[in-house]
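To start, the structure under review is shown below, and the notes come after it.
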Amino acid sequence: MQKSVRYNEGHALYLALLARKEGTKRGYLSKKTAETNRWHEKWFALYQNVLFYFEGEQSARPAGMYMLEGCNCERVPAPKGCAAGSAKDAALDKQVPPGAPTADPHPWRRGGSRAGLRAGGMEERRGWSVPLPERSEERQPLIKIIELLRLEKPTKVIKSSCQPSTTVLTKPCPKIIALNKTKERMRPYQGNQEDEDPDIKKIKKVQSFMRGWLCRRKWKTIVQDYICSPHAESMRKRNQIVFNMVEAESEYVHQLYVLVNCFLRPLRMAASSKKPPISHDDVSSIFLNSETIMFLHEIFHQGLKARIANWPTLILADLFDILLPMLNIYQEFVRNHQYSLQVLANCKQNRDFDKLLKQYEANPACEGRMLETFLTYPMFQIPRYIITLHELLAHTPHEHVERKSLEFAKSKLEELSRVMHDEVSDTENIRKNLAIERTIVEGCDILLDTSQTFIRQGSLIQVPSVERGKLSKVRLGSLSLKKEGERQCFLFTKHFLICTRSSGGKLHLLKTGGVLSLIECTLIEETDTS
(Lines give C-alpha, C1' and ligand atoms only; values in the text may rest on other atoms or scores of the structure.)
Protein backbone atom coordinates (compact mmCIF):
# COMPACT_ATOMS: atom_id res chain seq x y z
CA MET A 1 0.00 0.00 0.00
CA GLN A 2 1.29 3.51 -0.77
CA LYS A 3 2.89 5.19 2.26
CA SER A 4 3.79 8.58 0.77
CA VAL A 5 2.09 11.13 -1.42
CA ARG A 6 3.80 13.84 -3.47
CA TYR A 7 2.04 17.04 -4.24
CA ASN A 8 2.87 20.64 -5.11
CA GLU A 9 1.72 23.87 -3.61
CA GLY A 10 -0.49 24.76 -6.55
CA HIS A 11 -2.55 21.61 -6.18
CA ALA A 12 -2.97 22.19 -2.42
CA LEU A 13 -4.07 25.82 -2.87
CA TYR A 14 -6.55 24.85 -5.60
CA LEU A 15 -8.10 22.11 -3.41
CA ALA A 16 -8.21 24.52 -0.46
CA LEU A 17 -10.12 27.04 -2.59
CA LEU A 18 -12.63 24.38 -3.62
CA ALA A 19 -12.99 23.32 0.04
CA ARG A 20 -13.79 26.91 1.07
CA LYS A 21 -16.46 27.24 -1.67
CA GLU A 22 -17.88 23.73 -2.14
CA GLY A 23 -16.85 21.88 1.03
CA THR A 24 -19.33 19.33 2.38
CA LYS A 25 -18.69 20.55 5.97
CA ARG A 26 -17.27 23.90 7.14
CA GLY A 27 -16.93 25.43 10.59
CA TYR A 28 -14.78 26.07 13.66
CA LEU A 29 -13.05 23.32 15.64
CA SER A 30 -10.47 23.40 18.42
CA LYS A 31 -7.14 21.81 17.56
CA LYS A 32 -4.68 20.63 20.15
CA THR A 33 -1.05 21.44 19.38
CA ALA A 34 1.65 18.89 20.10
CA GLU A 35 4.25 21.46 21.31
CA THR A 36 2.26 23.39 23.96
CA ASN A 37 -0.49 20.86 24.52
CA ARG A 38 -3.02 23.69 24.27
CA TRP A 39 -6.28 24.07 22.33
CA HIS A 40 -6.47 26.65 19.52
CA GLU A 41 -9.60 27.46 17.56
CA LYS A 42 -9.21 26.96 13.79
CA TRP A 43 -11.61 27.18 10.82
CA PHE A 44 -11.96 23.77 9.11
CA ALA A 45 -13.29 22.87 5.64
CA LEU A 46 -13.89 19.29 4.46
CA TYR A 47 -13.59 18.57 0.70
CA GLN A 48 -13.98 14.92 -0.35
CA ASN A 49 -11.25 13.03 1.61
CA VAL A 50 -9.10 16.10 2.50
CA LEU A 51 -9.67 18.24 5.65
CA PHE A 52 -8.18 21.75 5.47
CA TYR A 53 -7.85 24.16 8.40
CA PHE A 54 -7.26 27.90 8.27
CA GLU A 55 -6.30 30.52 10.85
CA GLY A 56 -9.63 32.19 10.30
CA GLU A 57 -12.70 32.11 8.07
CA GLN A 58 -11.32 34.91 5.90
CA SER A 59 -7.86 33.35 5.48
CA ALA A 60 -7.05 32.55 1.85
CA ARG A 61 -4.06 30.27 2.50
CA PRO A 62 -4.59 27.04 4.48
CA ALA A 63 -2.52 26.42 7.61
CA GLY A 64 -2.53 22.66 7.10
CA MET A 65 -4.51 19.68 5.89
CA TYR A 66 -5.38 16.11 6.85
CA MET A 67 -5.66 13.17 4.44
CA LEU A 68 -8.70 11.27 5.76
CA GLU A 69 -8.27 8.15 3.64
CA GLY A 70 -8.59 5.15 6.04
CA CYS A 71 -9.12 7.29 9.18
CA ASN A 72 -11.69 6.70 11.93
CA CYS A 73 -13.19 8.86 14.67
CA GLU A 74 -13.20 7.85 18.38
CA ARG A 75 -14.54 9.62 21.45
CA VAL A 76 -11.96 10.57 24.12
CA PRO A 77 -13.03 10.32 27.79
CA ALA A 78 -13.65 13.67 29.42
CA PRO A 79 -10.76 14.94 31.59
CA LYS A 80 -11.13 15.18 35.37
CA GLY A 81 -12.64 18.38 36.68
CA CYS A 82 -15.05 18.80 33.80
CA ALA A 83 -18.74 17.90 33.73
CA ALA A 84 -19.65 14.76 31.91
CA GLY A 85 -21.33 15.33 28.61
CA SER A 86 -20.11 18.92 28.46
CA ALA A 87 -19.47 20.26 25.00
CA LYS A 88 -16.02 21.40 26.02
CA ASP A 89 -15.15 17.87 27.23
CA ALA A 90 -16.16 16.25 23.98
CA ALA A 91 -13.23 15.43 21.82
CA LEU A 92 -12.85 13.77 18.48
CA ASP A 93 -9.77 11.83 17.90
CA LYS A 94 -8.84 11.00 14.35
CA GLN A 95 -6.63 7.93 14.22
CA VAL A 96 -4.42 8.40 11.17
CA PRO A 97 -2.85 5.31 9.65
CA PRO A 98 0.90 5.15 8.97
CA GLY A 99 1.95 7.49 6.20
CA ALA A 100 -1.08 9.82 6.53
CA PRO A 101 -0.23 13.58 6.52
CA THR A 102 -0.63 15.77 9.63
CA ALA A 103 -0.65 19.51 10.21
CA ASP A 104 2.66 19.77 12.03
CA PRO A 105 5.75 21.41 10.46
CA HIS A 106 6.69 18.01 9.00
CA PRO A 107 3.51 17.19 7.04
CA TRP A 108 4.68 13.79 5.77
CA ARG A 109 5.64 12.21 9.08
CA ARG A 110 5.93 8.47 8.95
CA GLY A 111 4.55 6.24 11.69
CA GLY A 112 1.38 6.33 13.81
CA SER A 113 0.02 9.72 14.94
CA ARG A 114 -3.06 11.08 16.62
CA ALA A 115 -4.70 14.46 16.07
CA GLY A 116 -6.98 15.91 18.74
CA LEU A 117 -9.95 17.96 17.60
CA ARG A 118 -12.71 19.40 19.77
CA ALA A 119 -16.15 20.70 18.71
CA GLY A 120 -18.08 23.52 20.28
CA GLY A 121 -21.28 21.62 21.08
CA MET A 122 -23.02 18.28 20.99
CA GLU A 123 -24.89 18.95 17.74
CA GLU A 124 -21.79 20.25 16.05
CA ARG A 125 -19.79 17.27 17.27
CA ARG A 126 -22.34 14.88 15.83
CA GLY A 127 -22.19 16.68 12.51
CA TRP A 128 -18.41 16.37 12.34
CA SER A 129 -18.40 12.77 13.49
CA VAL A 130 -20.70 11.49 10.73
CA PRO A 131 -18.74 8.89 8.72
CA LEU A 132 -17.76 9.75 5.16
CA PRO A 133 -20.46 8.82 2.65
CA GLU A 134 -19.98 5.82 0.44
CA ARG A 135 -18.48 6.98 -2.85
CA SER A 136 -19.91 4.24 -4.99
CA GLU A 137 -19.84 0.55 -5.38
CA GLU A 138 -16.28 0.85 -6.65
CA ARG A 139 -15.21 2.05 -3.12
CA GLN A 140 -16.27 -1.18 -1.47
CA PRO A 141 -13.24 -3.17 -2.73
CA LEU A 142 -10.93 -0.51 -1.20
CA ILE A 143 -12.62 -0.80 2.21
CA LYS A 144 -12.27 -4.54 1.97
CA ILE A 145 -8.52 -4.21 1.38
CA ILE A 146 -8.13 -1.98 4.46
CA GLU A 147 -10.00 -4.48 6.60
CA LEU A 148 -7.79 -7.32 5.37
CA LEU A 149 -4.67 -5.33 6.24
CA ARG A 150 -5.93 -4.62 9.73
CA LEU A 151 -6.74 -8.25 10.41
CA GLU A 152 -3.29 -9.25 9.07
CA LYS A 153 -4.55 -12.21 7.17
CA PRO A 154 -2.13 -14.47 5.36
CA THR A 155 -0.64 -13.23 2.12
CA LYS A 156 -2.34 -15.86 0.01
CA VAL A 157 -5.77 -14.90 1.33
CA ILE A 158 -5.02 -11.23 0.70
CA LYS A 159 -3.90 -11.90 -2.89
CA SER A 160 -6.86 -14.11 -3.72
CA SER A 161 -9.30 -11.59 -2.25
CA CYS A 162 -7.70 -8.51 -3.70
CA GLN A 163 -7.25 -9.76 -7.25
CA PRO A 164 -10.85 -9.06 -8.41
CA SER A 165 -10.84 -5.76 -6.56
CA THR A 166 -7.54 -4.72 -8.11
CA THR A 167 -8.92 -5.51 -11.55
CA VAL A 168 -11.93 -3.32 -10.87
CA LEU A 169 -9.73 -0.47 -9.64
CA THR A 170 -7.15 -0.62 -12.45
CA LYS A 171 -9.68 -1.13 -15.30
CA PRO A 172 -12.29 1.65 -15.37
CA CYS A 173 -15.83 0.93 -16.47
CA PRO A 174 -16.27 1.27 -20.28
CA LYS A 175 -19.40 3.35 -19.72
CA ILE A 176 -17.36 5.87 -17.70
CA ILE A 177 -14.71 6.04 -20.45
CA ALA A 178 -17.36 6.64 -23.14
CA LEU A 179 -19.01 9.28 -20.97
CA ASN A 180 -15.71 11.10 -20.45
CA LYS A 181 -14.98 11.09 -24.18
CA THR A 182 -18.44 12.48 -24.90
CA LYS A 183 -17.88 15.25 -22.37
CA GLU A 184 -14.52 16.09 -23.93
CA ARG A 185 -16.10 16.36 -27.39
CA MET A 186 -18.89 18.53 -26.07
CA ARG A 187 -16.63 20.74 -23.98
CA PRO A 188 -15.72 23.28 -26.72
CA TYR A 189 -19.39 23.91 -27.47
CA GLN A 190 -20.31 24.38 -23.80
CA GLY A 191 -18.02 27.33 -23.35
CA ASN A 192 -19.01 30.91 -23.84
CA GLN A 193 -18.36 31.95 -27.43
CA GLU A 194 -18.13 35.61 -26.45
CA ASP A 195 -15.12 34.94 -24.20
CA GLU A 196 -13.20 33.23 -27.03
CA ASP A 197 -9.98 34.79 -28.20
CA PRO A 198 -10.51 37.00 -31.33
CA ASP A 199 -7.46 35.40 -32.98
CA ILE A 200 -8.99 31.95 -32.50
CA LYS A 201 -12.21 33.21 -34.10
CA LYS A 202 -10.27 34.46 -37.12
CA ILE A 203 -8.40 31.18 -37.44
CA LYS A 204 -11.66 29.21 -37.29
CA LYS A 205 -13.20 31.48 -39.90
CA VAL A 206 -10.24 31.00 -42.25
CA GLN A 207 -10.40 27.23 -41.69
CA SER A 208 -14.11 27.27 -42.51
CA PHE A 209 -13.44 29.15 -45.76
CA MET A 210 -10.68 26.73 -46.69
CA ARG A 211 -12.85 23.69 -46.03
CA GLY A 212 -15.63 25.15 -48.15
CA TRP A 213 -13.20 25.99 -50.97
CA LEU A 214 -11.67 22.49 -50.89
CA CYS A 215 -15.13 20.91 -50.96
CA ARG A 216 -16.23 23.05 -53.91
CA ARG A 217 -12.99 22.31 -55.79
CA LYS A 218 -13.40 18.58 -55.21
CA TRP A 219 -17.01 18.68 -56.38
CA LYS A 220 -16.01 20.73 -59.44
CA THR A 221 -13.35 18.14 -60.30
CA ILE A 222 -15.87 15.30 -59.99
CA VAL A 223 -18.38 17.11 -62.22
CA GLN A 224 -15.71 18.01 -64.79
CA ASP A 225 -14.51 14.40 -64.96
CA TYR A 226 -18.06 13.20 -65.58
CA ILE A 227 -18.68 15.87 -68.24
CA CYS A 228 -15.62 14.62 -70.16
CA SER A 229 -16.59 10.94 -69.79
CA PRO A 230 -18.03 8.89 -72.71
CA HIS A 231 -21.23 8.24 -70.76
CA ALA A 232 -21.93 11.96 -70.41
CA GLU A 233 -21.22 12.52 -74.11
CA SER A 234 -23.65 9.74 -75.01
CA MET A 235 -26.30 11.20 -72.70
CA ARG A 236 -25.87 14.66 -74.26
CA LYS A 237 -26.44 13.23 -77.73
CA ARG A 238 -29.43 11.26 -76.48
CA ASN A 239 -30.93 14.35 -74.88
CA GLN A 240 -30.38 16.33 -78.07
CA ILE A 241 -32.21 13.62 -80.05
CA VAL A 242 -35.14 13.83 -77.64
CA PHE A 243 -35.26 17.62 -77.91
CA ASN A 244 -35.16 17.44 -81.71
CA MET A 245 -37.96 14.88 -81.67
CA VAL A 246 -40.14 17.19 -79.56
CA GLU A 247 -39.44 20.11 -81.91
CA ALA A 248 -40.19 18.00 -84.98
CA GLU A 249 -43.43 16.77 -83.41
CA SER A 250 -44.46 20.35 -82.64
CA GLU A 251 -43.76 21.37 -86.23
CA TYR A 252 -45.69 18.37 -87.58
CA VAL A 253 -48.72 19.17 -85.43
CA HIS A 254 -48.61 22.75 -86.74
CA GLN A 255 -48.53 21.48 -90.35
CA LEU A 256 -51.57 19.27 -89.74
CA TYR A 257 -53.33 22.20 -88.09
CA VAL A 258 -52.76 24.35 -91.19
CA LEU A 259 -53.95 21.51 -93.46
CA VAL A 260 -57.19 21.07 -91.53
CA ASN A 261 -58.01 24.68 -90.70
CA CYS A 262 -56.83 26.40 -93.88
CA PHE A 263 -57.93 23.80 -96.46
CA LEU A 264 -60.15 20.97 -95.20
CA ARG A 265 -62.74 22.91 -93.20
CA PRO A 266 -63.05 25.83 -95.67
CA LEU A 267 -63.51 23.37 -98.56
CA ARG A 268 -66.21 21.52 -96.62
CA MET A 269 -68.07 24.78 -96.24
CA ALA A 270 -67.58 25.52 -99.95
CA ALA A 271 -68.95 22.07 -100.84
CA SER A 272 -72.12 22.91 -98.89
CA SER A 273 -72.68 26.20 -100.74
CA LYS A 274 -75.37 26.84 -103.37
CA LYS A 275 -72.90 26.55 -106.26
CA PRO A 276 -70.21 24.19 -104.90
CA PRO A 277 -66.86 24.21 -106.71
CA ILE A 278 -66.19 20.72 -105.31
CA SER A 279 -68.26 17.85 -103.98
CA HIS A 280 -68.13 16.36 -100.50
CA ASP A 281 -66.91 13.05 -101.93
CA ASP A 282 -63.96 14.75 -103.58
CA VAL A 283 -63.12 16.56 -100.34
CA SER A 284 -63.14 13.26 -98.47
CA SER A 285 -61.04 11.61 -101.19
CA ILE A 286 -58.45 14.41 -101.10
CA PHE A 287 -58.02 14.83 -97.34
CA LEU A 288 -58.93 11.29 -96.24
CA ASN A 289 -58.55 10.99 -92.39
CA SER A 290 -56.07 13.83 -91.92
CA GLU A 291 -58.25 15.43 -89.23
CA THR A 292 -58.14 12.25 -87.11
CA ILE A 293 -54.35 12.11 -87.52
CA MET A 294 -54.12 15.69 -86.27
CA PHE A 295 -56.11 14.88 -83.11
CA LEU A 296 -53.90 11.86 -82.42
CA HIS A 297 -50.64 13.81 -82.70
CA GLU A 298 -51.95 16.68 -80.61
CA ILE A 299 -52.44 14.21 -77.75
CA PHE A 300 -48.98 12.71 -78.32
CA HIS A 301 -47.41 16.18 -78.42
CA GLN A 302 -49.05 17.16 -75.13
CA GLY A 303 -47.65 14.02 -73.54
CA LEU A 304 -44.15 14.84 -74.79
CA LYS A 305 -44.33 18.37 -73.37
CA ALA A 306 -45.48 17.01 -70.00
CA ARG A 307 -42.48 14.65 -69.91
CA ILE A 308 -40.07 17.44 -70.84
CA ALA A 309 -41.47 19.49 -67.94
CA ASN A 310 -40.26 16.74 -65.55
CA TRP A 311 -36.69 16.99 -66.83
CA PRO A 312 -34.21 15.42 -66.09
CA THR A 313 -36.55 12.51 -65.26
CA LEU A 314 -37.67 11.54 -68.78
CA ILE A 315 -39.63 8.40 -69.73
CA LEU A 316 -40.81 8.09 -73.36
CA ALA A 317 -41.44 4.38 -73.79
CA ASP A 318 -44.96 4.43 -72.36
CA LEU A 319 -45.93 7.26 -74.75
CA PHE A 320 -44.94 5.10 -77.71
CA ASP A 321 -46.87 2.20 -76.17
CA ILE A 322 -49.98 4.42 -76.31
CA LEU A 323 -49.22 5.73 -79.80
CA LEU A 324 -48.44 2.42 -81.54
CA PRO A 325 -51.99 0.92 -81.59
CA MET A 326 -53.36 4.16 -83.06
CA LEU A 327 -50.89 4.44 -85.91
CA ASN A 328 -52.96 2.00 -87.97
CA ILE A 329 -55.01 5.01 -89.11
CA TYR A 330 -52.01 5.89 -91.27
CA GLN A 331 -52.65 2.83 -93.41
CA GLU A 332 -55.75 4.36 -94.95
CA PHE A 333 -54.02 7.67 -95.60
CA VAL A 334 -50.89 6.16 -97.13
CA ARG A 335 -52.81 3.58 -99.18
CA ASN A 336 -54.98 6.23 -100.83
CA HIS A 337 -52.47 9.06 -100.99
CA GLN A 338 -51.76 8.69 -104.71
CA TYR A 339 -55.43 8.54 -105.47
CA SER A 340 -56.08 11.71 -103.46
CA LEU A 341 -53.46 13.58 -105.52
CA GLN A 342 -55.15 12.40 -108.72
CA VAL A 343 -58.54 13.62 -107.49
CA LEU A 344 -56.98 16.96 -106.58
CA ALA A 345 -55.42 17.25 -110.05
CA ASN A 346 -58.80 16.54 -111.67
CA CYS A 347 -60.53 19.11 -109.46
CA LYS A 348 -57.98 21.75 -110.39
CA GLN A 349 -59.27 21.62 -113.95
CA ASN A 350 -62.34 23.42 -112.61
CA ARG A 351 -61.55 27.14 -112.78
CA ASP A 352 -63.72 28.03 -109.78
CA PHE A 353 -62.04 25.43 -107.60
CA ASP A 354 -58.56 26.40 -108.80
CA LYS A 355 -59.23 30.07 -108.06
CA LEU A 356 -60.57 29.23 -104.59
CA LEU A 357 -57.61 26.95 -103.86
CA LYS A 358 -55.10 29.64 -104.81
CA GLN A 359 -56.91 31.99 -102.45
CA TYR A 360 -56.47 29.49 -99.61
CA GLU A 361 -52.81 28.93 -100.47
CA ALA A 362 -52.18 32.68 -100.23
CA ASN A 363 -52.90 32.51 -96.48
CA PRO A 364 -49.77 33.65 -94.51
CA ALA A 365 -49.99 30.49 -92.37
CA CYS A 366 -49.23 28.39 -95.47
CA GLU A 367 -45.91 30.21 -95.98
CA GLY A 368 -46.20 29.86 -99.78
CA ARG A 369 -46.67 26.07 -99.71
CA MET A 370 -49.23 24.33 -101.91
CA LEU A 371 -51.91 21.87 -100.81
CA GLU A 372 -50.01 18.95 -102.32
CA THR A 373 -47.09 19.71 -99.97
CA PHE A 374 -49.27 19.49 -96.86
CA LEU A 375 -50.86 16.25 -98.10
CA THR A 376 -47.37 14.72 -98.40
CA TYR A 377 -46.24 15.40 -94.78
CA PRO A 378 -48.07 12.43 -93.16
CA MET A 379 -46.39 10.07 -95.63
CA PHE A 380 -42.99 10.58 -93.99
CA GLN A 381 -44.00 10.57 -90.31
CA ILE A 382 -43.71 6.82 -89.68
CA PRO A 383 -40.22 6.59 -91.28
CA ARG A 384 -39.21 9.66 -89.22
CA TYR A 385 -40.24 7.86 -86.01
CA ILE A 386 -38.20 4.82 -87.02
CA ILE A 387 -35.09 6.91 -87.69
CA THR A 388 -35.50 8.77 -84.37
CA LEU A 389 -35.84 5.55 -82.39
CA HIS A 390 -32.83 4.08 -84.18
CA GLU A 391 -30.69 7.10 -83.19
CA LEU A 392 -32.11 7.07 -79.68
CA LEU A 393 -31.22 3.41 -79.18
CA ALA A 394 -27.70 4.03 -80.49
CA HIS A 395 -27.08 6.34 -77.50
CA THR A 396 -29.08 4.40 -74.90
CA PRO A 397 -27.06 2.08 -72.58
CA HIS A 398 -27.99 -1.59 -72.64
CA GLU A 399 -28.87 -1.51 -68.93
CA HIS A 400 -31.17 1.52 -69.40
CA VAL A 401 -34.68 1.06 -68.05
CA GLU A 402 -36.29 2.11 -71.36
CA ARG A 403 -34.15 0.17 -73.80
CA LYS A 404 -36.42 -2.89 -74.14
CA SER A 405 -39.54 -0.74 -74.54
CA LEU A 406 -37.89 1.43 -77.19
CA GLU A 407 -36.66 -1.63 -79.09
CA PHE A 408 -40.18 -3.05 -79.03
CA ALA A 409 -41.62 0.24 -80.33
CA LYS A 410 -39.00 0.35 -83.11
CA SER A 411 -39.80 -3.22 -84.22
CA LYS A 412 -43.54 -2.48 -84.29
CA LEU A 413 -43.03 0.68 -86.34
CA GLU A 414 -40.80 -1.17 -88.82
CA GLU A 415 -43.43 -3.89 -89.20
CA LEU A 416 -46.14 -1.27 -89.73
CA SER A 417 -43.94 0.50 -92.29
CA ARG A 418 -43.42 -2.72 -94.27
CA VAL A 419 -47.14 -3.45 -94.31
CA MET A 420 -47.92 0.09 -95.44
CA HIS A 421 -45.25 -0.07 -98.13
CA ASP A 422 -46.63 -3.33 -99.48
CA GLU A 423 -50.16 -1.97 -99.46
CA VAL A 424 -49.06 1.21 -101.20
CA SER A 425 -47.20 -0.81 -103.81
CA ASP A 426 -50.18 -3.07 -104.48
CA THR A 427 -52.59 -0.13 -104.63
CA GLU A 428 -50.39 1.89 -106.96
CA ASN A 429 -49.85 -1.16 -109.17
CA ILE A 430 -53.58 -1.79 -109.50
CA ARG A 431 -54.23 1.87 -110.30
CA LYS A 432 -51.44 1.86 -112.87
CA ASN A 433 -52.80 -1.27 -114.56
CA LEU A 434 -56.30 0.18 -114.64
CA ALA A 435 -55.00 3.45 -116.10
CA ILE A 436 -53.21 1.58 -118.89
CA GLU A 437 -56.27 -0.59 -119.52
CA ARG A 438 -58.43 2.54 -119.94
CA THR A 439 -56.02 3.99 -122.55
CA ILE A 440 -56.37 0.91 -124.79
CA VAL A 441 -59.46 1.19 -126.97
CA GLU A 442 -60.07 -2.54 -127.22
CA GLY A 443 -59.36 -3.05 -123.48
CA CYS A 444 -57.18 -5.78 -122.02
CA ASP A 445 -58.49 -8.42 -119.65
CA ILE A 446 -55.09 -9.58 -118.47
CA LEU A 447 -54.53 -6.18 -116.79
CA LEU A 448 -57.40 -6.89 -114.39
CA ASP A 449 -55.29 -9.59 -112.72
CA THR A 450 -54.01 -8.21 -109.37
CA SER A 451 -50.87 -10.37 -109.61
CA GLN A 452 -49.93 -8.61 -112.87
CA THR A 453 -47.26 -6.10 -111.85
CA PHE A 454 -46.28 -3.22 -114.10
CA ILE A 455 -42.53 -2.96 -114.83
CA ARG A 456 -41.96 -0.33 -117.54
CA GLN A 457 -43.26 1.19 -120.76
CA GLY A 458 -41.73 2.85 -123.82
CA SER A 459 -41.44 3.02 -127.61
CA LEU A 460 -39.79 0.31 -129.70
CA ILE A 461 -39.36 -0.20 -133.47
CA GLN A 462 -40.69 -3.44 -134.89
CA VAL A 463 -38.49 -4.77 -137.67
CA PRO A 464 -40.36 -6.63 -140.47
CA SER A 465 -39.33 -10.24 -140.88
CA VAL A 466 -38.61 -12.02 -144.19
CA GLU A 467 -38.85 -15.55 -142.96
CA ARG A 468 -40.80 -16.95 -140.07
CA GLY A 469 -38.70 -16.97 -136.94
CA LYS A 470 -35.83 -15.00 -138.48
CA LEU A 471 -35.31 -11.26 -138.37
CA SER A 472 -34.10 -9.58 -141.57
CA LYS A 473 -30.92 -7.50 -141.60
CA VAL A 474 -32.56 -4.25 -142.72
CA ARG A 475 -31.05 -0.82 -142.32
CA LEU A 476 -33.50 1.58 -140.63
CA GLY A 477 -32.10 4.72 -142.17
CA SER A 478 -35.31 6.23 -143.58
CA LEU A 479 -37.58 8.23 -141.22
CA SER A 480 -40.76 6.84 -142.71
CA LEU A 481 -39.70 3.30 -141.94
CA LYS A 482 -39.06 4.24 -138.32
CA LYS A 483 -42.48 5.79 -137.95
CA GLU A 484 -44.20 2.83 -139.51
CA GLY A 485 -42.37 0.35 -137.28
CA GLU A 486 -42.71 2.34 -134.00
CA ARG A 487 -44.77 0.52 -131.35
CA GLN A 488 -45.89 1.52 -127.82
CA CYS A 489 -44.89 -1.37 -125.57
CA PHE A 490 -45.80 -2.25 -121.95
CA LEU A 491 -43.81 -4.80 -119.93
CA PHE A 492 -45.48 -6.65 -117.05
CA THR A 493 -44.33 -9.57 -114.92
CA LYS A 494 -46.28 -12.10 -117.02
CA HIS A 495 -47.08 -10.44 -120.34
CA PHE A 496 -45.71 -8.04 -122.93
CA LEU A 497 -48.19 -5.72 -124.75
CA ILE A 498 -47.51 -4.20 -128.16
CA CYS A 499 -49.75 -1.30 -129.22
CA THR A 500 -49.97 1.20 -132.03
CA ARG A 501 -50.88 4.82 -131.46
CA SER A 502 -53.48 6.38 -133.71
CA SER A 503 -53.56 9.98 -134.87
CA GLY A 504 -55.97 10.81 -132.05
CA GLY A 505 -53.50 9.53 -129.46
CA LYS A 506 -55.44 6.39 -128.58
CA LEU A 507 -53.77 3.00 -128.29
CA HIS A 508 -54.74 -0.13 -130.22
CA LEU A 509 -53.47 -3.63 -129.59
CA LEU A 510 -51.93 -5.38 -132.58
CA LYS A 511 -54.37 -7.87 -134.00
CA THR A 512 -51.65 -10.51 -134.25
CA GLY A 513 -48.99 -10.69 -131.60
CA GLY A 514 -50.34 -7.79 -129.56
CA VAL A 515 -50.27 -9.78 -126.30
CA LEU A 516 -47.25 -11.99 -125.76
CA SER A 517 -46.90 -14.38 -122.84
CA LEU A 518 -43.38 -14.15 -121.41
CA ILE A 519 -43.40 -17.85 -120.59
CA GLU A 520 -43.59 -18.69 -124.33
CA CYS A 521 -41.08 -16.05 -125.44
CA THR A 522 -37.31 -16.28 -125.87
CA LEU A 523 -35.00 -13.30 -125.93
CA ILE A 524 -32.41 -13.42 -128.75
CA GLU A 525 -29.73 -10.82 -129.15
CA GLU A 526 -28.36 -10.33 -132.72
CA THR A 527 -25.65 -7.86 -133.56
CA ASP A 528 -25.61 -6.00 -136.86
CA THR A 529 -22.23 -6.73 -138.45
CA SER A 530 -22.66 -3.89 -140.97
(1) open to solvent by 70 Å² or more (accessible area, probe 1.4 Å); (2) modelled with pLDDT of 80 or more; (3) among the charged types (D, E, K, R) all hold for Arg487 apart from (1)
Inside the stretch 258-308, the number of residues satisfying the requirement of being at positive phi and among the β-branched types (Val, Ile, Thr) is 0
Result of the Cβ filter at 7 Å on the stretch 293-316, keeping first residues that are under 24 Å from Asn261 (Cβ atoms) and partners that are open to solvent by 60 Å² or more (accessible area, probe 1.4 Å) and of a type outside the set (Gly, Ala, Ser), at least 6 apart or interchain, is Met294/Tyr257; Leu296/Met326
For strands (runs of 3 or more DSSP E) lying entirely in the stretch 23-98, having 2 or more residues that are of a type outside the set (Asp, Glu) and at pLDDT 70 or above picks out 25-32, 39-47, 50-54, 64-67
Practice item. Looking only at the stretch 287-303, decide whether some residue is small (Gly, Ala, Ser) and open to solvent by 10 Å² or more (accessible area, probe 1.4 Å). Key: yes
Just one listed residue, out of Asp281, Asp321, is in contact (Cβ under 8 Å) with a residue 12 or more places away in the chain and open to solvent by 50 Å² or more (accessible area, probe 1.4 Å), and it is Asp321
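Each row is one residue, and each column tells you yes or no for (1) touching a Lys or Arg at 6+ places or on another chain (Cβ under 6 Å); (2) among the hydrophobic types (A, V, I, L, M, F, W, C).
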site: Ile293; (1), (2): no, yes
site: Ala306; (1), (2): no, yes
site: Leu314; (1), (2): yes, yes
site: Leu323; (1), (2): no, yes
site: Tyr330; (1), (2): no, no
site: Phe374; (1), (2): no, yes
site: Leu392; (1), (2): no, yes
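The values are calculated or read from the model by the stated rules, or taken from the named source; none is laboratory data. Just so it is clear, the structure is predicted and the values come from calculations on it, not from any experiment. We place every Cβ from the backbone using ideal geometry, glycine too, and count neighbours over all the protein chains shown. Ligands, DNA and RNA are excluded from the accessible area calculation, which covers all protein heavy atoms including side chains. Shrake-Rupley method; radii C 1.70, N 1.55, O 1.52, S 1.80 Å.
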